[in-house]
Every structure is written in structure tokens, then in C-alpha cells.
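The values are calculated or read from the model by the stated rules, or taken from the named source; none is laboratory data. Because the structure is predicted, anything quoted here is derived from the model rather than measured. Virtual Cβ from ideal backbone geometry, glycine too; neighbours counted across all protein chains shown. Areas reflect the complete protein model, heavy atoms only, side chains present, ligands, DNA and RNA absent. Shrake-Rupley method; radii C 1.70, N 1.55, O 1.52, S 1.80 Å.
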Amino acid sequence: MAVLAKIRQRSALLIGVIALALFAFIIQDLFTRGTFGQSSKDVGSIDGKDISFEDFRVKVSNVEKSGQGISSTEASNRVWDQEVSIALLSTQFDKLGLRVGEKHLIEVLKADPNIGKNPMFLNAAGMFDIAKFKEYFKTNPEAKQYIADREKDATLNAKFQIYNTLVKSGLYTTASEGKLKYEMEANKVNFAYVAGLYSSIKDSEVKISDSEIVDYMKKNEKKFKADETREIQYVLVEDKASKEDEAEIKAKITALLSGSVVYNAKTGKNDTLPGFRNATNIAEFVNSNSDIPYDSSYVAKNSLPAVDADKLFSLAPGAIYGPYVYGKYYCISKSLGFKAGVNAKASHILIGYTGSQTPNTKEKRTKEEAKAKAEEILAQVQANPDSFMMLAFTSSDDSSAQQGGDLGYFGPNQMVKPFNDFVFSNGIGKVGLVETPFGFHIIKITDKQDGIRLATIAQKIEPSEVTSDKVFTLATKFEMDAADKDFNATAKELGLKVAPPVTAKAMDEAFGSLGNQRNIVRWAFDKETDKGDVKRFEIANVGHVIAQYKSENASGLVSVTVARPYVEPILKNKKKAEMLKAKMTGSSLEAVAKSAGVAVQQAADVTMDNPVLPGGVGQEPKVVGNAFALAANKISAPIEGNTGVYVVKNIKVVKAPAIASHAAYIEKVKAQSASDASRILPALKNNAKIKDNRLEFNY
């Protein structure tokens, strides 16, 4: 009672303390998440247009549910790309004032198989009935939201179709472009030239600094534009079986071959239990001792472990082979006998008809017409067996037509019953006609495989508890030591190998050779993670990853490491060009050749459409362009080409004869620019102001 009295006396004080704590919590939340910090309601923005987190979350959830094993990050990336595309294109639609009429909208909706092919909306002739469609949603208010969503998607789709048509209509080729194409192909130039090749100067003589690469990237920002990245280095400490573990597992599985003596508590005596060699109930014995359950099926030789297939397949009934390693298991196998023809290989020609289950027939036909055609083809095959492949290619309604009707190997009951019964009750080479719900099949049995039934005890090769404890201790020690010392030096001291660093973007999921490790990437981008921080991550069935956030690249450009392989040769050639120009002096081509220590070379009948120099030099459009531009017998200044520095002398330009029409060349130019419309969306993204806040929502 005394305690309760004291509580009552101090209740006001306690309430005050709690209120103060709650107030402090709210204030902190405001600063970190709300009014005074970053907003938590929007997952991002595109050109100032916000994307609501709640809407985004629902869409990601729907994608996850509809996908086949899709991760939340992958779903998030898919929805984000879609939201960005819709926002950018919608702005363009609004600028152009695009509108969609009801007829256009209905046509787009009909293209959706769930609507256009839905039996509820079809008339007696099997055609889409707009009256039925409208009546259904009028009398089923609960479906109103569904159709509203579909109409919204269809409206966007219809606008995009209009927009795409407008863009393509705006892309045209003029007669002048056709004429230019003709002249580039037909005009020819003959010239002499001196070449100072970049390859004549060793790469080791030219050094390129990181700052030079950065300067080059800044001058060519669009080519090297990149999202913010983090560089993460790591050590993988694998949790795998030691040699002692493997030896123990091998000894354990070997001991199963012979019988064992076990004390029977009920009888008070020792019982001798049979081993794998003489067990009477093989299935029970396997299931009691194997990590993989007993399989009673017969297996063809090509389905057995490749290294041991010959020995396993040649086992006599009752014989045992092993222990042997198959993947991550130690195995012993016992032969339970052979069976002929367990798998079959066949080819077929399928003739479908209206009403059959064949999805796409090459031509419309009745069942009677299909049967007549199948019988006709059967007669052709029987008269000339070698014609089967070509007949399948030209006549079969099945996708296997592209393979000459070949269906590969299959086991019993994998095909529909009439097909299965024909194949497994006839010999190799037999040809016949079978009817199934898919249509009429002309079947040719091309091969059969014998099989062996094996009882296999497999025990997984995995680390013992002792080994896993040692691995954990080593990983933890490295994590603690590396936090205060040099990461690479610490790894070397402990006999560990530092993997090549991984450069990751904020929404990346893949992490080097370790596959999807989103948690590591998320940690590196966390606001609480600083450069040099080290953290251990446990990866199931792999081991421990000890990662260090090494550096960041927030410049908006790719890292120097990534850019160097592309930029360094360009900058080296620039420096080599200056060195070569200094040597290539003289008033005549011969004098230039002498000063450069090379010979004068000749090029004949070169065109601008294919500006290739002889001798395997490759394409040099600048050089050939200069040769065309020069007056006869005039010498150019040094030209920086793709492979070297060139000085050219025009000998002769042969103009192409005039032609009445350049239509063929206009079509060539059109074909070359056919995909230009697809470049619009990337261009819009490149110029947009896109803010991605998904990291704040733990994606």
C-alpha cells in the first residue's frame, strides 16, 4: 500500500516526464522526416511532379504478386521506370493537346485478351459486342473500378499510339538526302597519303592522369552521365565443409554399406541391422538414410552424373557403386535393374482445325478437311520417309515445325494419351496417324532410350558445427580488426582474399559475383554509413561477407575506373598525334614521308560511304573526306584520324553520272532512320529533372 501511495503522490511528475519524452520524440521525427527534414509522403518526382508513396507501394505490391518470383527491388525498379515514362510522355501528350475518342478507346480495350476475347462480351458469332460490354459494367457496379483502371491504361496507350504516329510522320527523307546517299556511294577519289600510325609510338611512352580523364568526361558529360554510386570492397569467408568434414561424411555413408549392431532396449539384446548391400526394403532404407528421397523411376544414361555415368549405367542388378561425389552430395548407388525404351524421341506434323486445341493454325479448316490433309501427308511420308522434315516445316501447325517436327526425348505419360500410346507401343522408325484434342498428328518414332533404376543414398557435403563456429569466429575477428585497421592489410594477415570492388547504384540489387544482395547495397547508401565503415553480412548457404564502404562518386559522371578503358586510348592518341605532327613536316608528300620515316602510299576508288584505306587500316572518314575536298594535286595539313595522323594529296575525283531518280537511295536512308522514334523516351529522360527518394522508403 505504501508503494501505491508513493506512486499516486508522484503521478503528476511521471506524466510530465512521459509527455516530455513523447514531445522530444515528435520533434525529432519532424526534423528527420517531416516539416523540418525530408518529406516522407513522396517516393520521388519527375520535373516537379510528385509520385505518391502510397500509390507507388500499391503498384509495386501488384507487380510482385503477378511476377514469377520477382523481388521487391526488381518490382520497384520496374514500376519506377514505368512511372517516369508515363510522367514524361503525359507531359508531351498535354503539350500537344492529344485527346482520345470513345471508338479509339474501345479498340484499345478490345486488344486486351481479357476483354476482347472474354466470352461474356462476345455475340453469337464470337465477335466483341460493345453493347454487352457496357451492359455488364452497368449491371455490375463492383466491377466499376476494374474497368476504370483499364480505361485509364487504355487512354494512355491510345495517346501513345497517336503520339508515336505523329513522331514517325515527322520523320521523312528528302530527295536531297537520297541524292547525297547516291553520291556518297558512287563518287570516288584516288589519292596518295603518308600515315604516321599511333601504333608506332609505345603506349608506355604516353601517360594519362586521372584528372585528364575527368576533364575529358566533363567536356563530354552526356556520354559519361551516371547516377551516384558507392564503391564497396569485401571479403567472403565461405561457410563450407572442411576436408575433415568431407572425410567424416564419406566414412558415414561408406559404413551404411555393411550391417550394424544396435542395442534393443525392449529385448535387452543387440540386434544386427542389414546394410545397404542386403537390405530387403530398399525404399525404406534409402529414405531413412538419405538427404534425397528414394526415386523409383528408370533413368536414361544421359541423365546420370556425367563423370560416373558409364560405371553407373553398366551396374549389374544388385551391384553397388560409390561413394562418389555428385554436386554437393556424397552418394552410393545400387542397381535395381534395367528397362528397355523408358524414353522415346519422336517427330510429328500437326494438322489442326477450327475447334481443336491448336492455338494457331496456318489455315482455317474443318475437322474433315484436317483429317484428309493429314492422310495425304501420311501417304507422302510413307512413300518418301526423307520428306518428313520438309513437310513438317511447311505444313505443321505446331511450334516444333521450325525444328522439322522434332519433339526431343520424353518419358511415358508426358504427352496426351493417344500420342503416348502410339509412341511407347511401337518401335523405332514407325510412322502413323493419331488423333488428339490438338488435331491430327503424323508421328515418326526416331529413337528410344533404355534406363536403369538406381537406389541412391545421398548425404549433403556441408560444414560441421565445429567448422561453422571457426568460420564465424574468423569472420567476426576480421570485421572487428578491419574496423580500426587497413582493410586489405588485415585480410592479408588473416589469410583472406579481398574481392574486386563492386560499384553500385542506389537501387542496384546485384552485387558482383554474389548475385542479389540488396541489403549490402542499401547499407552502403544509408545516411548513417560513413566512408571506411565495415559491416558483416551473413548469406545463407554461402558464408559471411565483410564489406567496407570504400568511396563514393557523387559527381554525376561514371568513375575514372569505369571510364579509363574507353577514354585513355582517345587521350593517348591525342598526345601521340601531337608527337607525330611534329615529325611530319615538308612542302611535298615525299618530304613529309621522309621526315616521318615512312613510305608514300596509294588509295584508289575510295568512297565516302565506305571510307576504308587499303592494307587493313580500317575506316578513316576524316582522311577520305579531306581527300575529296582537296583540289587536284593539292596537299592537306596533317589530319588526326582513327588510327594515326595522315597527310593526303588528291590525285583525282571521279564524279558519279547523274541519274533520273534517287528513289532507291531515299529508301536506304529511310531504312537507316527507321528506329529514330525509339530514341525519344531516352532523350526525354536525359533532359528531365528526376528525383528518386526510394531509398528513404527502404526499397
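Of note:
- Of all the listed residues (279, 340), the sole one being farther than 30 Å from residue 392 by Cα, more than 33 Å from the chain's Cα centre (by Cα) and at pLDDT below 95 is 279.
- Test: residue 594 is in contact with an Asp or Glu (Cβ under 8 Å, 6 or more places away or on another chain) and either surrounded by 19 or more Cβ atoms within 10 Å (Cβ to Cβ) or not β-branched (Val, Ile, Thr) (or both): no
- Region 226-275 - residue that is modelled with pLDDT under 90 and in contact with a Leu (Cβ under 7 Å, 6 or more places away or on another chain) and, of those, least open to solvent (accessible area, probe 1.4 Å): 226
- Matching residues, region 625-683, being small (Gly, Ala, Ser) and closer than 20 Å to residue 581 by Cα: 625, 627, 636, 637, 641, 644
- Of the strands (runs of 3 or more DSSP E) lying entirely inside region 472-578, those containing at least 2 residues that are open to solvent by less than 30 Å² (accessible area, probe 1.4 Å) and either in contact (Cβ under 8 Å) with a residue 60 or more places away in the chain or of a type in the set (Asp, Glu) (or both) span 498-505, 543-553.
- Residue ID - nearest to residue 260 (Cα to Cα), chosen from residues in region 278-299 that are in contact (Cβ under 8 Å) with a residue 60 or more places away in the chain and small (Gly, Ala, Ser): 290
- Qualifying residue in region 16-39 (condition: over 23 Å from residue 508 (Cβ atoms), at pLDDT 90 or above, open to solvent by 70 Å² or more (accessible area, probe 1.4 Å) and in a helix (DSSP H, G or I)): no
- Residue check for residue 325: open to solvent by 60 Å² or more (accessible area, probe 1.4 Å), more than 30 Å from residue 388 (Cβ to Cβ), touching a residue at least 60 places away in the same chain (Cβ under 8 Å) and aliphatic (A, V, I, L, M): yes
- Note on region 69-167: enclosed helices (runs of 4 or more DSSP H) holding 2 or more residues that are under 34 Å from the mean Cα position of the chain (by Cα) are 72-96, 102-110, 113-116.
- Residue in region 580-605 that is farthest from residue 191 (Cα to Cα), counting only those that are in contact (Cβ under 8 Å) with a residue 60 or more places away in the chain, of a type in the set (Val, Ile, Thr) and in a loop (DSSP other than H, G, I, E, B): 598
- Qualifying residue in region 73-82 (condition: among the hydroxyl-bearing types (Ser, Thr, Tyr) and modelled with pLDDT of 80 or more): yes
- Selection within region 442-461 - open to solvent by 10 Å² or more (accessible area, probe 1.4 Å), closer than 19 Å to residue 401 by Cα and touching a Phe, Trp or Tyr at 6+ places or on another chain (Cβ under 7 Å): 444
- Within region 211-225, being surrounded by fewer than 19 Cβ atoms within 10 Å (Cβ to Cβ) and not charged (D, E, K, R) holds for 211, 214, 220.
- Among (1) farther than 22 Å from residue 184 by Cα; (2) charged (D, E, K, R); (3) free of Cβ contacts under 8 Å to residues at least 40 places away in the same chain - the single one residue 694 does not satisfy: (3)
- Cβ-Cβ distances below 7 Å connect the following pairs, each with a first residue in region 300-315 that is at negative phi and assigned to a helix (DSSP H, G or I), a second residue that is open to solvent by 70 Å² or more (accessible area, probe 1.4 Å) and not aliphatic (A, V, I, L, M), and a separation of six or more residues or different chains: 309/301; 313/301.
- Residue under evaluation residue 341, criteria (1) of a type in the set (Gly, Ala, Ser); (2) open to solvent by 90 Å² or more (accessible area, probe 1.4 Å); (3) within 15 Å of residue 453 (Cβ to Cβ), criterion not met: (2)
- Total residues in region 245-275, condition more than 24 Å from residue 455 (Cβ to Cβ) and touching a residue at least 24 places away in the same chain (Cβ under 8 Å): 1
- Criterion: touching a residue at least 40 places away in the same chain (Cβ under 8 Å) and over 24 Å from residue 415 (Cβ atoms) - qualifying residue of 377, 332: 332
- Residue that is farthest from residue 642 (Cα to Cα), among those in region 563-601 that are of a type in the set (S, T, N, Q) and in contact with a Phe, Trp or Tyr (Cβ under 8 Å, 6 or more places away or on another chain): 601
- Filtered residue count, region 197-250, keeping only those that are β-branched (Val, Ile, Thr) and in contact with a strand residue (DSSP E or B) (Cβ under 8 Å, 6 or more places away or on another chain): 6
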